[in-house]
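Data block below; observations after.
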Amino acid sequence: MSRFAYVNGTYARHEEASVHIEDRGFQFADGIYEVIYLYKGRLIDTEAHLDRMERSLREIHMDMPMSRRAMMPIIKELIRRNRLRTGLIYMQVTRGSSKRDFIFPEDTVPTLVITARRGAAFDPNKSLQGMKVMTMEDMRWARCDIKTTALLPASMCKQVALDAGYSDAWLVNKEGFVTEGTSNNAWIVNAEGKLQTRPPSHEILNGITRKSIIELAQKEGIEIVEKPFTVEEAYNAREAFVTSASACVKPVTQIDDKVIANGAVGLTCEKIAKIYADFLEKA
Ligand code: PDD
């Protein structure tokens, strides 16, 4: 089946879809993106993703390329054309195409690209495979709260981890605290048994999955501590996992050469995954 992508007003065949060589997304990574999970025909946390998109754009001095009312039918039409039930919707906005110049051009038309791709339905009974992560210096920029398309540092870190036999990297700031994964938020169940993840700041992307899980867990009476943790604390954690729109909840059972607890997926992680799966079913 051929796939379709939305590019600036047209639904193009995926393999033919393109933007101009002078697009500032290509020249300067001058753009932002969002990823929304489509679960069994339902878009998850759409408003929160669009809120974050609007915020990312505002932080780089751009407006939304169109209203939400105009954008939603496009997303739905793309899902329909791609005959998708479960998968990921990628939305990318750049400052548009303009003669190469570091200064923001005036009056360019922003580029909007939306793609949709098939993915697996999150199933906590099947998906909870523990992964190994490698810690390394967080060499990204000082505004990781903006979901920029400048993903090279994150991509390089993930590649280093993969080459060393791990599945992902946990990035560590100069003070020795874990910031986040290359494309997910990091969590532990600390030595006192409390669920812990760092609070939003310029050092991390304020994950939508993270936010939903905090709300859902609190409703279940699970206490959450929003506080940074060090690599040492992560080594000594009872459990570790990551969250994102694409992975939902994914256990981490090894950090560097330290096996977390006994190497099995922990009970809290299992519970969080179940709560999140129920939320997806009811969304
Ligand atoms: N990544 N931190 C980073 C650096 C991310 O890139 C992501 C998302 C997250 C989790 O955010 P959310 O829960 O809103 O997906 C945290 C997406 C999935 C991606 O780049 O594909």
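Just so you know, all these numbers are worked out from the coordinates, no wet-lab data involved. Here the structure is a predicted model, which means the values were calculated and not measured. As a convention, Cβ positions derive from the backbone with ideal geometry for all residues, glycine included, and neighbour counts pool all protein chains shown.
Listing for the model above:
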read-out	value
Long-range amide H partners of Thr111 with built H, under 5 Å	Thr94, Arg95, Gly96
Exposure proxy order (Cβ contacts within 10 Å, fewest to most) of His202, His49, His61	His61, His202, His49
The range 166-179 - phi-based ³J(HN,Hα) in whole Hz, Karplus 6.51/-1.76/1.60, Gly and Pro as x	9, 9, 7, 10, 9, 8, 10, 7, 4, 7, x, 8, 6, 8
Partner aspartates and glutamates for Lys274 [C-alpha distance under 18 Å; skip if fewer than 8 residues away on the same chain]	Asp45, Asp123, Glu215, Glu220, Glu223, Glu239
Relative contact order (percent, whole number), the range 144-283, Cα cutoff 8 Å, 6+ residue spacing	21
Gain upon complete extension [Phe26, Asp163; 0.36 nm per residue less C-alpha separation]	46.6 nm
Partners for Lys99 among aspartates and glutamates (Cα-Cα distance below 12 Å; same-chain residues under 8 apart left out)	Glu22, Asp23
CD proxy at 222 nm, helix term only [per DSSP H run n ≥ 4: -39500 (n - 2.57); per residue of the chain; nearest 500]	-8500 deg cm²/dmol
Most to least packed among 181-189, 266-274 [average Cβ atoms within 10 Å]	181-189, 266-274
For Leu162, net neighbour charge (Lys/Arg +1, Asp/Glu -1) across residues whose Cβ lies under 12 Å away	0
Electrostatic dipole magnitude of the chain [Cβ: Lys, Arg +1; Asp, Glu -1; Cα centre; debye, to 20]	1120
Listed pairs Lys76/Lys211; Lys227/Lys282; Lys194/Lys271; Lys147/Lys211 exceeding 22 Å between Cα atoms	Lys76/Lys211; Lys227/Lys282
Relative contact order [Cα under 8 Å, 6+ residues apart], the range 4-118, whole percent	38
Cα-only radius of gyration and Dmax that characterise the range 4-118, units Å	14.1, 44
C-alpha center-to-center spacing [the range 190-222, the range 107-148] in angstrom	17
For the range 118-214, with +1 on Lys and Arg beta carbons and -1 on Asp and Glu, the positive-most of Asn125, Ala186, Ala164 along the dipole	Asn125
Ratio of Rg to Rh over the chain (Cα coordinates, Kirkwood Rh, two decimals)	0.97
Among beta bridges that DSSP assigns inside the chain, antiparallel share in %, nearest 5	80
Size of electric dipole in the range 24-82: Cβ of Lys, Arg +1 and of Asp, Glu -1, about Cα centre, debye, nearest 20	340
Derived scalar couplings ³J(HN,Hα) [the range 75-88; Karplus, 6.51 cos²θ - 1.76 cosθ + 1.60; whole Hz; x for Gly, Pro]	4, 5, 5, 5, 4, 5, 5, 8, 6, 9, 10, 9, x, 10
Inter-site label distance for Leu152 and Val225 at 7 Å from Cα along Cβ, in nm	3.9
Length-normalised contact order of the chain in % [C-alpha pairs under 8 Å, at least 6 apart]	18
